[in-house]
Amino acid sequence: MKGTALFTTFDSQLVAIEEMERNQFDQLQQQGSYTRTILYKGESKEQTLRPVQFVDDLNWAYGY
């Protein structure tokens with residue numbers, strides 16, 4: 001099932017959301033964290049993100 005995953009950095013200065021499958025989120029949550037390249041304030045940076053929450057009932061077509 002696809003849903004919206006919420007991630008944050010360990011210092012909580014950055015929050016990221018991403019659409020993904022629930023089982024992929026669960027795997028990342030078991031790992032504890034993962035590193036990915038993100039675009040932040042116009043710059044590409046590597047950030048270590050930790051999974052926070054998975055939500056499967058957001059309707060992004062609604063226009064949040």
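Bear in mind these aren't lab numbers, they're just calculated from the coordinates by the rules spelled out. Predicted model only: the values in this text are computed from it and were never measured. Neighbour counts run over all protein chains shown; Cβ positions are idealised from the backbone, glycine included.
Let me have the 222 nm mean residue ellipticity of the chain computed from DSSP H runs of 4+ only, each contributing -39500 (n - 2.57), with the sum over all residues rounded to the nearest 500. Walk me through the intermediate numbers first.
Details: 1 runs with 10 residues, N = 64.
-4500 deg cm²/dmol, from helical runs alone.
Given Cβ point charges of +1 (Lys, Arg) and -1 (Asp, Glu) and nothing else, what value in debye, to the nearest 20, does the dipole of segment 2-62 about its Cα centre take?
The dipole magnitude comes to about 140 debye.
For 52, 15, what ranking results if the residue with the fewest other Cβ atoms within 10 Å of its Cβ goes first?
Listed from fewest to most nearby Cβ atoms, that is 15, 52.
Classify the chain: rounded, prolate or oblate, from the alpha-carbon gyration tensor (a ≥ b ≥ c, eigenvalue square roots; a/c under 1.5 rounded; otherwise prolate if a/b is larger than b/c)?
Cα axes put the chain in the oblate bin.
Among 48, 17, 3, which residue has its Cα furthest toward the positive end of the charge dipole of the chain, with +1 on Lys/Arg Cβ and -1 on Asp/Glu Cβ?
48
Please state the relative contact order of the chain as a whole percent: Cα pairs under 8 Å, 6+ residues apart?
Contact order relative to length: 40 percent.
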